[in-house]
């Protein structure tokens, strides 16, 4: 069963609610003073395609800006086509394609998003 590390300074964890029920989550984990990793992005299948994932990303970017981050990174499995499309539409760009990783994940794509605090539109530079 996955576990979460205790919250650290510079990290946050968000839970999205709809009709008082939790339907999604997302987190920021500090990498260094300028960089955070987007983690734990998840939306219940019954709540997908309703803009919740995008709303979480927007809020995470706002929080990242408040914390002084200028770069966001994330990893996602290459079978997560909908997630990859969301991240790309939001402005994340493929930075590195990694080989085999852990059990059940055949390949992991690392994405980067520069320009935290600017408008949430595609066209940010690739990292």
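The values are calculated or read from the model by the stated rules, or taken from the named source; none is laboratory data. Fair warning: this is a prediction, and the values are worked out from it, not measured in the lab. Please note: Cβ atoms are built from the backbone with ideal geometry, for glycine as well, and neighbour counts cover all protein chains shown.
Rundown of residues vs (1) within 18 Å of residue 75 (Cα to Cα); (2) modelled with pLDDT under 90, yes/no style:
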{"residue": "19", "(1), (2)": "no, no"}
{"residue": "25", "(1), (2)": "yes, no"}
{"residue": "30", "(1), (2)": "yes, no"}
{"residue": "33", "(1), (2)": "no, no"}
{"residue": "40", "(1), (2)": "yes, yes"}
{"residue": "43", "(1), (2)": "yes, no"}
{"residue": "55", "(1), (2)": "no, no"}
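In the range 63-82, what count of residues is obtained for those that are within 14 Å of residue 16 (Cβ to Cβ) and surrounded by fewer than 16 Cβ atoms within 10 Å (Cβ to Cβ)? Explain how you work it out, then say what you get.
Of the range 63-82, the ones within 14 Å of residue 16 (Cβ to Cβ) are 63.
Then keep just the ones that are surrounded by fewer than 16 Cβ atoms within 10 Å (Cβ to Cβ); that gives none.
Qualifying residue count for the region: 0.
Collect the residues in the range 32-57 that are over 21 Å from residue 10 (Cβ atoms), in contact (Cβ under 8 Å) with a residue 12 or more places away in the chain, under 15 Å from the mean Cα position of the chain (by Cα) and not in a strand (DSSP E or B), keeping them in residue-number order.
Answer for the range 32-57, where residues must be over 21 Å from residue 10 (Cβ atoms), in contact (Cβ under 8 Å) with a residue 12 or more places away in the chain, under 15 Å from the mean Cα position of the chain (by Cα) and not in a strand (DSSP E or B): 52, 53, 54, 55.
When you check residue 15 against the structure, is it closer than 17 Å to residue 95 by Cβ, touching a strand residue (DSSP E or B) at 6+ places or on another chain (Cβ under 9 Å) and either surrounded by fewer than 16 Cβ atoms within 10 Å (Cβ to Cβ) or without any contact (Cβ under 8 Å) to a residue 12 or more places away in the chain (or both), yes or no? Working first, answer last.
Values: closer than 17 Å to residue 95 by Cβ: no; touching a strand residue (DSSP E or B) at 6+ places or on another chain (Cβ under 9 Å): yes; either surrounded by fewer than 16 Cβ atoms within 10 Å (Cβ to Cβ) or without any contact (Cβ under 8 Å) to a residue 12 or more places away in the chain (or both): yes.
No: the conditions fail for residue 15.
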